[in-house]
Amino acid sequence: MKKESFSKLLDQKRLQSHLMIIVVSIIIPLISLLVSPRSDFPEHQIRFFILLFVQLESFLFVAAIIFRKLNTGATRKEFTRIILSRLFIFMLSCFIIALIVNLLIMAVIDLIMGYGSGNEISYFFHNEFSVWFKATIGGLLFGTALFIFIQWQSALKREQQLREENLIFQNETLKSQVNPHFLFNCMNTLSALVGAQPEMAEKFIQKLSSIYRYILENGTRDKVPLKAELDFIHDYFFLHKIRDDGKIDLEVIVNESDKYEILPVSLQILVENAIKHNKATIGEPLHISVYIEGDNIVIKNNLQRMATQIKSTGIGLKNLSERVILISGKDIVTEEINNYFIVKVPLLK
C-alpha cells in the first residue's frame, strides 16, 4: 500500500483530513483528563473537544487560503520573505479565530445553562485567559513548526523531481538536436551553399555552431533570460529559412524581453513541433508567431496538418509541461482556435 504524505492528510478536500482532526480532538482532551482530572467531567471535555475540532478545521481552512499559489519561481530571498509574511498573517488570523470561537462557545453555554448574560465570558477573561493564551500560542507555534516541516519536505521532493526531469530533458534535448536527420539536412544545405554562396555558407556554419553552443551551455540550467532564448530561436529558424525559403514565416513581437526569464530550449521545442507536424509550401506557407500576452509567451501557428504525422522523438508538450510546473508552479496552456494552434508558456520575472 502506498504511503500517504502528511501534507495530503491535511488536505480538507479529503475525508482522511477530517477523520484525523476528529481523532486528534478526542485524544488531546483525554490526555488532558489523565494528566489533570476534573470534577466537571464530561462537560469540560466535551467543550474542549468541540473547541479543538472547530479551531483545527478553521486553521486548516485559513492555511489553505493564505499559502495557496506560492510563487515557486521566485528567488530564495523573495520566497523566504513571502513565507515569513504569510506565517505572521496566518498566526494572527488563527489567534483571532480561536478567541472568537472560544467566546461564541461560552455565549452558547450561557444561553443553554441559563446563566446570567456574559457570565462565562466574564469568568474566562478574569480567571482563564492567561492559561488559554499560553496554550493557544503554544499550539500555533507547534502548528507553525509542523507547516515549516511540511514545506521543507515538499521542497526536497520538488527539488528531487526537478533534478530527475532535468536529466531526462538534457538527454532528450541533445538526442533531438544531434540526430542524424537534422545534421544530414544541415550538411546537405551547407554543401550546396559552399560552392554557390560561400559567404552564406560561412554564416550558416556560425549559426549552426551558435545553436549547439547554446544547448550545451544552458542544457543544465533551470532558466535563462528570455532575450537569450529568442536569439537562439532566430539562429535556429535561420537554418530552416535557408532550406525552406518562402515556405515558413516566423514573426517575433516581444518588447522588454530583459524583464523575463524562461526555461532553456522551451521555445525551440514548440517552434520545432509546429514545423514538424504541419506541411509548408510556397502556396500555403506555415506562419509562426511569438508574442507576449500577460505573463505568458505565446507561440501560435496556423494548422496545416500533414496527411501522415511524423513519429515524435519523445520531447513534446507533456515533458515541457512537467518542467514548467516544477520551475514556475504554473502549467502551459494549449488551444486550437479558428484553425490555429496556440501554446502559452508562463514567463518568470
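The values are calculated or read from the model by the stated rules, or taken from the named source; none is laboratory data. Because the structure is predicted, anything quoted here is derived from the model rather than measured. All Cβ positions, even for glycine, are placed from backbone atoms using ideal geometry, and neighbour counts span all protein chains on display.
Hey, among the residues in the range 240-270 that are in a helix (DSSP H, G or I) and among the hydroxyl-bearing types (Ser, Thr, Tyr), which one's modelled with the highest pLDDT? Explain how you work it out, then say what you get.
Taking the range 240-270 as the starting set, the residues that turn out to be in a helix (DSSP H, G or I) are 240-243, 257-259, 266-270.
From what is left, the residues that are among the hydroxyl-bearing types (Ser, Thr, Tyr) are 257, 266.
Details: SER257: 82, SER266: 86.
Here the answer is SER266.
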Just to be sure I understand, how many residues within the range 252-270 are surrounded by fewer than 21 Cβ atoms within 10 Å (Cβ to Cβ) and either closer than 20 Å to ARG305 by Cα or among the small types (Gly, Ala, Ser) (or both)? 1
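Just a yes or no: is a residue in the range 289-296 among the hydrophobic types (A, V, I, L, M, F, W, C) and within 21 Å of the chain's Cα centre (by Cα)?
Within the range 289-296, the subset among the hydrophobic types (A, V, I, L, M, F, W, C) is 290, 292.
Keeping just the survivors that are within 21 Å of the chain's Cα centre (by Cα) gives 292.
Yes, that holds for at least one residue.
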Which of the residues spanning the range 205-239 are closer than 17 Å to ILE292 by Cβ and not in a helix (DSSP H, G or I)? LYS223, VAL224, PRO225
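Within the range 322-339, does at least one residue satisfy the condition of being assigned to a strand (DSSP E or B), of a type in the set (D, E, K, R) and free of Cβ contacts under 8 Å to residues at least 24 places away in the same chain? Working first, answer last.
Pass one, the range 322-339, residues assigned to a strand (DSSP E or B): 333-337.
Remaining after also requiring of a type in the set (D, E, K, R): 335-336.
Pick out the ones that are also free of Cβ contacts under 8 Å to residues at least 24 places away in the same chain and you get 335.
Yes, that holds for at least one residue.
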Would you mind telling me which numbered condition in (1) modelled with pLDDT of 85 or more; (2) of a type in the set (Asp, Glu); (3) within 21 Å of the chain's Cα centre (by Cα) GLU199 fails? (3)
Would you mind telling me which numbered condition in (1) over 25 Å from LYS259 (Cβ atoms); (2) at pLDDT below 80; (3) loosely packed, with under 14 Cβ neighbours inside 10 Å ILE168 fails? (3)
Which one is farthest from CYS94 (Cα to Cα) among residues in the range 120-152 that are polar (S, T, N, Q), at pLDDT 70 or above and touching a helix residue (DSSP H, G or I) at 6+ places or on another chain (Cβ under 9 Å)? THR144
Regarding the range 28-47, can at least one residue be identified that is surrounded by 13 or more Cβ atoms within 10 Å (Cβ to Cβ), hydrophobic (A, V, I, L, M, F, W, C), in contact with a Lys or Arg (Cβ under 8 Å, 6 or more places away or on another chain) and modelled with pLDDT under 80? no
Go through the residues of the range 79-92 one by one and say whether even a single one is modelled with pLDDT under 75 and surrounded by 12 or more Cβ atoms within 10 Å (Cβ to Cβ). yes
Counting just the residues of the range 271-285 that are assigned to a helix (DSSP H, G or I) and aliphatic (A, V, I, L, M), which one comes out surrounded by the most Cβ atoms within 10 Å (Cβ to Cβ)? ALA274
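Return yes when ASP245 is of a type outside the set (A, V, I, L, M), surrounded by fewer than 16 Cβ atoms within 10 Å (Cβ to Cβ), within 34 Å of the chain's Cα centre (by Cα) and in the same structural domain as SER289 (by TED's automatic domain parsing) and no when it is not.
Values: of a type outside the set (A, V, I, L, M): yes; surrounded by fewer than 16 Cβ atoms within 10 Å (Cβ to Cβ): yes; within 34 Å of the chain's Cα centre (by Cα): no; in the same structural domain as SER289 (by TED's automatic domain parsing): yes.
Judged against the criteria, ASP245 is not a match.
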Determine if the range 299-318 includes at least one residue that is surrounded by fewer than 17 Cβ atoms within 10 Å (Cβ to Cβ), at pLDDT below 80 and assigned to a helix (DSSP H, G or I). yes
